[in-house]
Structure formats: structure tokens, C-alpha cells
Amino acid sequence: MPERIIKYTEAIKEATDQVMEIDPSVFVIGLGVSYKNGADGTTSGLKMKYADRVFDVPVSEAAFTGMAVGSAINGLRPIVHHGRVEFALFASDSIFTQAAKWNYMFGGNNNVPIVFRINVGRQWGNGPQHTQALYSLFGNVLGLKVVIPSTPKMAKGLLVSALRDKNPVVILEPRWLFQLKQDVPVEIYGEPLDKAKIMKEGKDITVVSYGDGLVSALEALSIIGDSVDVELIDVVSINPIDHETIFKSVKKTGRLLCVDTTNEAFNIGSEIISKVAQNQSIHLKNKPTSLACPNVPCPTSTALTEFYYPTKIDIANSILGLFNKPKVDKKLSFEELHLAPTLTII
Amino acid sequence: MKSDFLQAYKTMLLMRLAEQEIANLYLQNKIMSFVHFYVGQEAVAVGVCDALKKDDKVLGNHRSHGHYLAKGGDLKKMICELLGKENGLAHGKGGSMHMIDKSVNFVGTTPILGSVVPLSCGSAFEQKYSKKNDVTVAFFGDGAFEEGIVYETLNLAALFKLPLLFVVENNLFAVNSKLNDRRSPNYDIEKIVTGFGVKYVRADGNDYQDVSKKAKNLVEEVRTGVPVVLECITYRHMAHSAPIFDEGYREEDVLEKRQEKDPIKKIKQVLLESGMSEKELSDVEDDIKKNVLESIKFAMDSKYPPKESLYTNLYA
């Protein structure tokens, strides 16, 4: 197959389009999803092709999300789009208490096949109320499946699988990755919703991350070069977390670093480190390490955000430090620090 | 006509007699589940559901025994659910606040006030999306009507022209709070509803005839994609969630007042005037009572779910 490089957002749109072609019960609903460049381009052009299945809505997140959940209870397969997690919280009853509990509380009598696409996290100049990366909040809710696509390939495959699943699936899309590019298969394919993915095999240390943290970790690998053989794992799913894949890796390497691009308290890394620490058959050579954002909201000024997110240099130096190797002394450019990456993932 | 009234009387009486026995079970700690009694409001559920076809859908709230039975529900399965038994409507995982039965198109109930409204809107959305000729009914109370999501959903239903009948059972209290303590002096539900472009009709929720007559006309209009709010002014005879006649907070709540507003007494009077005898009606009552006691015995004898079912059904 010839290479076909597309953007993260284009991969999402392609998955949506391909599933909509096959399954007439799938529809898209959300603020501005019918626009020419709707939902950051992830729904652009769909309204033209599926006039009766793409719905712009009033600015009433609670009601339209609840309506979508009600339609899923009755057999449709909605894709609900929330451009910012802060706005999705208006709909938390519908997501956490209705969609997530419905099948269990009715003894398995009614599944709820719905996909919530929620954009989270980092974006330049967006400040404390537009950049929250509330991964743990969603990971904590039983009855939801929760995934985080870190690459264009995963963005397409996870969305396809979510739309084939019988349960409510939350896809937390890190906005920081929207311009990322990759060779993405043209045909329709799914990625497992409950499996971590080994991005690179290695024997010295297990690095676990997801989303924009994972992309920074990938970049850190090229800084480290051959001096440490890193095994890099993309968590992919945080509900459930695929602990087995992580255990297997840590058993092999004996070292663990978790990278989160959300605040340190109650984050995904804490959960993984806790489970590894409790595993009697794992013997660590070093104490597990965590890199995360400080326990303050993300401010707006670039003078402050410069110190907020763990960078590829921070990640590289954390790893090198564990092996007593000399640290890298490199200052990142303004663009590298503050603008979303446009690189092509191999 | 007389047979319609007799059937309605039977269904309403079934609710009443069943809840009397449920109250006893509750007081004996046999029901370890919240129970919100429907006593006094029976005319609303029966009046509205009599206007529905089998394929039409119903969703309810925490006070939905009556809604479920009115839609053709199975008393045995309902009581099993209340008792937490394996063969209950939700296999014991839901309890009184979570009725579901797809065999009669009873979609489900949720006790989170107001949540039933957008979910019902989604049911109506599906009916329109799939080009069905059916309607959805959402039963909820005057307390739930104060949730913001209800106002958002009125707009949504009107915008998308959905076949949704909102039935507001105004029983005058949200837990123990009176309307006057919750709403500004100029609060006008009709203006609010019609302001969203949704039709509004009020009925006497203590009177089966009034509810059923209005519901029958409205449901056919709703079927054409016109959402409507039907507010039924009714009277909750018991405390919010316990089988007691709590009179502390109600200035006018005395036995005489309850009896005067009792919808079952009212419909019984209609039947007597239509020529039925006290004896015939008391035979009807005896049959229903027998059915209720049999259902309770069946439920008491039924099995509890096995321990393993704690872990099942989280995902489909």
C-alpha cells in the first residue's frame, strides 16, 4: 500500500464517514458539527453527505446529551461531540449517571451504544477553564469505557471500535494532537478498546503514557538515542487499564516511569504505579517515577505555561537520571514549547 | 364507555391495593429499597396510558409503580424487583426506583429529578429518526419541573418537532416543600411552556375522566410531531418516600381532604351512577386483592440473585 499521510482530525472524520455509510443508526450531534469546518474539522462535509444525520444543537449540553443517551437507549448510535470537557460537564448526569449506569441498574436489560467524543487538555492561551485534562474523572466512572487516542491511526481505529461497541464509550481527544500526521490505512479497521499498545520494545525501562504525554515521550526517545533501551507503552484505555501488559513489561525492565499531562494528584500514573507496587511478583530496581503537571490549574501566560507541562527534555532527563547518564542541556524553542506539534508519526 | 371506566377503575384499584400491601412489607423491613408511593395520583397514569398504543413508549421517575402498571406492566415482576429478587424487572439491581419492561415498551425510570425528560426526548427523537408513528410519554413531577434541563429540553423538543408528551404530575410538594416556597409569586408554567413554543394543557389529575379525555386528544396531536405539556394537578396522599400520612407540613392535609380528592372514590361514584351495584364493585375489589396477595406470595417465594450477579451487566 502506498503511504497516505493524514492528520489526526482527518482520521476522525474518515472513521465517522465510513461507519455512517454502513450503519444508518449512527448520527452526529453537537455544537457546530454541521459547520463547514465543524468540530475542528472532524465533522467537516458530513452534513452535505448525510443531511438528516448531522445535528447542530442549541447551547444546551445537558439536554442534547441526555436526548442522545435516550436515543441510544432506544437503539440509535449517536456520536456526541463536546469541543471542551468543561462544557461536557454540564451533561455529567447524562454521561456518568444515566448512560453509564443504565445497563447495570436494569440488570442487563438495556445496553446504551453511544460514543462521547470529548476534547481535552492543552491548547495555547486557553487558561484554567479551557484546558482541563480530566482523564481520571472519566476513568473513575464505572460503566463507561474510556479511551485516549494518541495518534491518527488510533484516532480512527478507536472511533470505529467505539461505534461497533454495545456500551457507552468516551473518547477523550487531546486537542494538542489535532495537527499530528501519520500514515493511516484507507480501509475501515478497529483498534481494541481495552488494550495498551507497545509503541517501542526495550529492555531497560518501561515508560507508560498516553495522549500528548506519549507524543512527548516518543520525541524523548530520539533525544536519548541508544544510551537507554526504553520500552514505551501507550495506555490507550483508562477504563479499563490494561495492567497485564504493563506488568509484563515492568517485570522485564524492572523500572517504571509514568508521564501524565494532567496534574499529579489522582492521575493515571498514580493508578498504574499503585497497581505495580501491589504486585508481589514484580521486583523493581528503582522506585517508580512519575512526571506530571503541578497541582495548580494551567495558567494562560506563556511565561508560566513554559513550566507547566513535562517536555520531551524533562522526560529524557528523567530516564537518563535513573541510569546515572549525563542529562541533556537543551532549551526548547518558543514554538516547541507553546505550539501544538505538527510532526508525522512513523 | 362503562366498560372503559370499569377497566380504568380496576387498574387504579390494583395500584392502590398493591401499594397498601407494599407499605406493609416496607414497614416490616421486607423491602430494603426506597419506595415513593403513588397513592392519590392513580388517575394520571391510567388516564394518560389509556390514550396510548402498545408501541408508544413511557418513561418515569422515582414514583413510577403506577406508570408501569398503567402501561400494562406485570405486578409479580414489579414486586419481585421491590423485594430485590432475581426474577424482578431489573433482576434485583434496580429496586422500586428503576422499573423497566421492554415487553410493554416501558423504557425505564430514573430518580434523578429531571433526567427522565431529556431521555424521553431521546426516545421521541428515535421515533422520529426511524420514521415511526409512535409517541413517547415522560412522567415527572412539579419538583423536577424546576430542574434547568427541563427548560432546555422544551426548546429541543419544539425545535426538532418531536412526538413527546411531557406529563407533569403536580402533586403540590417537592419532598415537603410547597409550591409557594419554591416558585416566585409570578411563576407561570403555562407562559413558560408556551414561551418555548410547546403547547400546554392543564387537567384535574384527581379525575380520571378529565385526564383521559384530554390525553386522548393530545396524544394524536403529539403523534404528528407536536410536543405538548400536560400538567395534571393532583394530590400526593402519602409522605415523599415513606408509607405514612405525614401531615406536619400540609396545612390542609386531613383525612377528609384526602378522601374528597381521592380519584378512586370519584371513578367508583361514576360506576355506581352508571348502574353498577356496590356488590359488583366489591367483588371486583376482592378479585384484585386476591391477585395482589398472590403476587406478593410469589415474590416472597422467589429467589434472591446469586452473589456472582454483583459483577454482571456492567457492560453489555
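Please treat every number below as a calculation from the coordinates, not as lab data. If you're wondering where the values come from, they're calculated on a predicted model, not measured in any experiment. Quick reminder, even Gly has a Cβ in these numbers, built from the backbone with ideal geometry, and neighbours come from all protein chains shown.
Compute the distance in nm between two label points, each set 7 Å from the Cα along the Cα-to-Cβ direction, one at B:Lys191 and one at B:Asn24.
5.0 nm
Can you give the % of DSSP beta bridges in chain A that are antiparallel, to the nearest 5?
On the way: 8 of 42 bridges.
Restricted to chain A, the bridges split so that about 20 percent are antiparallel.
Which distance in nm do the two modelled labels at A:Ile346 and B:Asn87 give, with both placed 7 Å along the Cα-to-Cβ direction?
That separation, rounded to one decimal, is 6.5 nm.
Based on alpha-carbon centroids, what's the gap between region B:262-316 and region A:229-281 in Å, whole number please?
What the calculation gives is 54 Å, centre to centre.
Structure shown: which of A:Lys13/B:Lys71; B:Lys76/B:Lys266; A:Lys13/A:Lys252; B:Lys85/B:Lys290; B:Lys93/B:Lys257; B:Lys53/B:Lys76 lie over 32 Å apart, alpha-carbon to alpha-carbon?
Values: A:Lys13/B:Lys71 42 Å; B:Lys76/B:Lys266 27 Å; A:Lys13/A:Lys252 39 Å; B:Lys85/B:Lys290 21 Å; B:Lys93/B:Lys257 38 Å; B:Lys53/B:Lys76 23 Å.
With Cα atoms farther than 32 Å apart: A:Lys13/B:Lys71; A:Lys13/A:Lys252; B:Lys93/B:Lys257.
What FRET efficiency comes out for the pair B:Asp181/B:Ser277, r = Cβ-Cβ distance, R0 = 60 Å, nearest 0.05?
On the way: r = 46 Å, r/R0 = 0.76.
So the FRET efficiency works out to roughly 0.85.
Which whole-Hz ³J(HN,Hα) couplings does region A:290-296 yield from phi under the Karplus relation 6.51 cos²θ - 1.76 cosθ + 1.60, θ = phi - 60°, glycine and proline marked x?
Running phi through 6.51 cos²θ - 1.76 cosθ + 1.60 with θ = phi - 60° gives 10, 10, 7, 7, x, 7, 9 Hz.
Pick from A:Glu264, A:Glu231, A:Glu187: which is most flexible by mean-square fluctuation in a GNM of chain A where alpha carbon atoms under 10 Å apart are linked?
With Cα springs under 10 Å in chain A, the top fluctuation among A:Glu264, A:Glu231, A:Glu187 is at A:Glu187.
Less than 13 Å from a label point 7 Å out along the Cα-to-Cβ axis of B:Glu220: which backbone N atoms in region B:1-36 qualify, by residue?
Inside the label zone: nothing.
Please give the contour-minus-distance gain from B:Glu308 to B:Glu260: 0.36 nm per residue of separation, less the Cα-Cα distance, rounded to one decimal in nm. Could you put the intermediate results ahead of the total?
Working: separation 48, 0.36 × 48 = 17.28 nm, distance 4.98 nm.
Extra length available between B:Glu308 and B:Glu260 comes to 12.3 nm.
Can you grab the distance from the C-alpha centre of region A:149-207 to the C-alpha centre of region A:95-117, Å, no decimals?
So the separation of the two Cα centres works out to 23 Å.
Run the numbers on region A:278-346 and let me know its relative contact order in percent, using alpha-carbon pairs under 8 Å that are six or more apart. Mind showing how you got there, number by number?
Values: 26 pairs, mean separation 17.4, N = 69.
Relative contact order of region A:278-346: 25 percent.
Got a sec? How would B:Lys76, B:Lys132, A:Lys145 order by Cβ neighbour count within 10 Å, fewest to most? Mind showing how you got there, number by number?
Values: B:Lys76 19, B:Lys132 16, A:Lys145 23.
Ascending Cβ contact count within 10 Å gives the list B:Lys132, B:Lys76, A:Lys145.
What aspartates and glutamates sit close enough to B:Lys102 to cross-link, taking a C-alpha to C-alpha distance under 16 Å and skipping anything fewer than 8 places away on the same chain?
B:Asp55, B:Asp56, B:Asp74, B:Glu81, B:Glu126, B:Asp134
Which residue, B:Asn87, B:Asn291, B:Asn176, tops the fluctuation ranking in a GNM of chain B built on C-alpha contacts under 10 Å?
B:Asn176
Springs between alpha-carbon atoms under 10 Å, Gaussian network over chain B: tell me which of B:Lys289, B:Lys57, B:Lys71 tops the mean-square fluctuations.
Its mean-square fluctuation being the largest, the pick is B:Lys289.
Once R0 is set to 35 Å, what does the formula 1/(1 + (r/R0)^6) return for the Cβ-Cβ distance between A:Gln280 and A:Thr302, expressed as a FRET efficiency to the nearest 0.05?
Details: r = 46 Å, r/R0 = 1.32.
Calculated transfer efficiency: 0.15.
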